[in-house]
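Have a look at the structure below before the remarks.
The values are calculated or read from the model by the stated rules, or taken from the named source; none is laboratory data. Since the model is a prediction, treat every value here as computed from it, not as a measurement. Don't worry about glycine lacking a Cβ; one is built from the backbone with ideal geometry, like all the others, and counts go over all protein chains shown.
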Amino acid sequence: MKKAVSDLIQKVLMVPPKHFTVEYAINPWMGGKVDQPKAQQQWDTLKEAIEKQGVKVLTLDPVKGLPDMVFVCNSGIIHDKNVYLSKFRHPERSGEEKHYLEWFKSNNYKIHGDNYSEYFEGGGDACFSDYKTLWAGYGARSNKSVYEKVKEIGDFTTVICDLVDPKFYHLDTCFCPVGATSALWYPSAFSDATQKEIRSRLPDAIEVDDKEAAAFVCNAITIRKDVISPIGVSEKTKQALSKLGYTVTEVDMSEFMKSGGACQCLVLKL
Ligand code: ARG
């Protein structure tokens with residue numbers, strides 16, 4: 001049986017929200033004024049929920065003028081000690097790239113993707129359920145063809161996922177692996193072909209409804225047997241998760257949702 005990433009994960013990287021604001025709109029959710037102390041509190045609560053599962057949280061210093069750097073999951077995708085670096089679609093976020101590169105270098109990652117023509121937004125669009133299966137989203141942000149290159153970081157199957165709804169602009173807004181055979185997912189964010197692929201590869205996958213999708217429930221992060229999610233998981237979904245042996249920890253992510261992000265976006269799995 002394939003080992004789930006959620007069971008193996010030991011370390012993650014997070015960026016404190018000191019300079020987090022909403023200053024531009026590059027996705028349909030962005031808008032509103034961020035309550036900074038509240039954002040800090042929500043971020044701390046998420047960090048504690050992760051640490052409670054025995055996972056070490058490393059931090060990278062935020063940079064003034066890069067308000068979305070808090071969403072460090074977009075910095076790249078990691079497989080063992082290899083990282084494939086992101087290249088952001090929007091110039092508003094390109095300035096983050098050099099800070100991530102520096103961190104990866106000084107933490108001894110083997111660097112891949114330091115020069116390529118496509119766009120790729122790292123863990124926002126790509127994630128492993130087990131280390132032999134990469135879920136590879138493309139559409140609003142990453143280009144499909146980049147995954148031919150991302151392959152070089154390891155030996156795994158790449159499952160291309162077509163994202164068809166502009167509201168669900170990153171894979172992690174509509175898909176969250178739960179163990180090696182399940183996920184929380186929002187079917188209508190995907191093409192018919194991708195829906196079929198998800199159903200066949202993840203027989204225990206749990207569909208969320210419109211309301212849960214809008215509450216960013218799929219932007220959860222599974223660690224061990226806990227699904228850490230934004231508030232809004234329905235009783236039905238909780239029961240379905242419980243049947244598979246998972247509990248749910250809901251954390252208020254209201255401030256980060258003003259930027260179109262939540263739990264999964266704030267955390268890079270190392
Ligand atoms: N405002 C950020 C952007 O649009 C949010 C990124 C959220 N990150 C994610 N992994 N979905 O780029």
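Scan region 106-121 and report the pairs whose first residue is under 13 Å from His79 (Cα atoms) and whose second residue is part of a loop (DSSP other than H, G, I, E, B), with Cβ atoms within less than 6 Å and a gap of 6+ or a chain change. Hits for this filter: Tyr109/Lys81; Lys110/Lys81. For region 134-166, filtered to residues that are free of Cβ contacts under 8 Å to residues at least 24 places away in the same chain and part of a helix (DSSP H, G or I), the residue that is nearest to Lys87 (Cα to Cα) is Tyr147. Residues of region 122-133 that are in contact with a Leu (Cβ under 9 Å, 6 or more places away or on another chain) and either outside any strand (DSSP E or B) or of a type outside the set (Phe, Trp, Tyr) (or both): Gly122, Gly123, Gly124, Asp125, Ala126, Cys127, Ser129, Asp130, Tyr131. Is it fair to say Ala215 is in contact with a strand residue (DSSP E or B) (Cβ under 9 Å, 6 or more places away or on another chain), surrounded by fewer than 24 Cβ atoms within 10 Å (Cβ to Cβ) and within 27 Å of Met30 (Cα to Cα)? Considered against the rule, which asks whether it is in contact with a strand residue (DSSP E or B) (Cβ under 9 Å, 6 or more places away or on another chain), surrounded by fewer than 24 Cβ atoms within 10 Å (Cβ to Cβ) and within 27 Å of Met30 (Cα to Cα), Ala215 comes out as yes. Checking the structure you have, find out if any residue of region 38-47 is under 19 Å from the mean Cα position of the chain (by Cα), under 26 Å from Phe104 (Cβ atoms) and of a type in the set (Val, Ile, Thr). Within region 38-47, not a single residue is under 19 Å from the mean Cα position of the chain (by Cα), under 26 Å from Phe104 (Cβ atoms) and of a type in the set (Val, Ile, Thr).
For the condition at pLDDT 95 or above and crowded, with 17+ Cβ neighbours inside 10 Å, Ala25 does not qualify. Counting only strands (runs of 3 or more DSSP E) that fall entirely inside region 208-270 and contain at least 3 residues that are in contact (Cβ under 8 Å) with a residue 60 or more places away in the chain, the qualifying elements are 221-223.
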